[in-house]
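Note sheet for the following structure.
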Amino acid sequence: MFYYNNYWGMNAIWWIIWMVMIFWIFATPYDIPGQRKAKDTPLDILQQRYAMGQMTTEEYKERKRILEEDLATQQKIESIKKRK
């Protein structure tokens with residue numbers, strides 16, 4: 001029995017195939033077949049709706065102000081938590 005080029009029961013080709021498959025599993029995007037991308041923030045959605053004409057300028061400004069106030073409040077809360 002000759003076992004040269006037999007790496008723990010598998011040929012080198014099989015090791016390469018397994019390594020490529022393992023790399024592919026961990027390196028591919030989670031939402032296959034799309035690409036990784038950040039989810040739209042509420043402000044992004046608001047801007048898209050305004051651009052499509054689904055709301056008036058007054059509605060846009062009011063909702064934007066509310067979102068920005070909420071964001072500022074969240075940032076204050078997070079900074080207080082970090083101090084503790």
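Could you list all residues from segment 38-84 that are over 25 Å from the mean Cα position of the chain (by Cα) and of a type in the set (A, V, I, L, M)?
Selection gives 52, 55, 66, 80.
So, in segment 35-75, of the ones that are outside any helix (DSSP H, G or I) and of a type in the set (A, V, I, L, M), which residue ends up surrounded by the most Cβ atoms within 10 Å (Cβ to Cβ)? Talk me through it step by step, then tell me what you get.
Going residue by residue through segment 35-75, those that are outside any helix (DSSP H, G or I) are 35-41, 52-56.
Filter once more, keeping what is of a type in the set (A, V, I, L, M): 38, 52, 55.
On the way: 38: 6, 52: 8, 55: 15.
Result: 55.
Exactly one condition in (1) modelled with pLDDT of 90 or more; (2) part of a helix (DSSP H, G or I) is not met by residue 78; state its number.
For residue 78, the failing item is (1).
The values are calculated or read from the model by the stated rules, or taken from the named source; none is laboratory data. Only a predicted model underlies this, so the values are computations on that prediction, with no experimental measurement involved. Here Cβ is always computed from backbone atoms with ideal geometry, including for glycine, and neighbour counts include all displayed protein chains.
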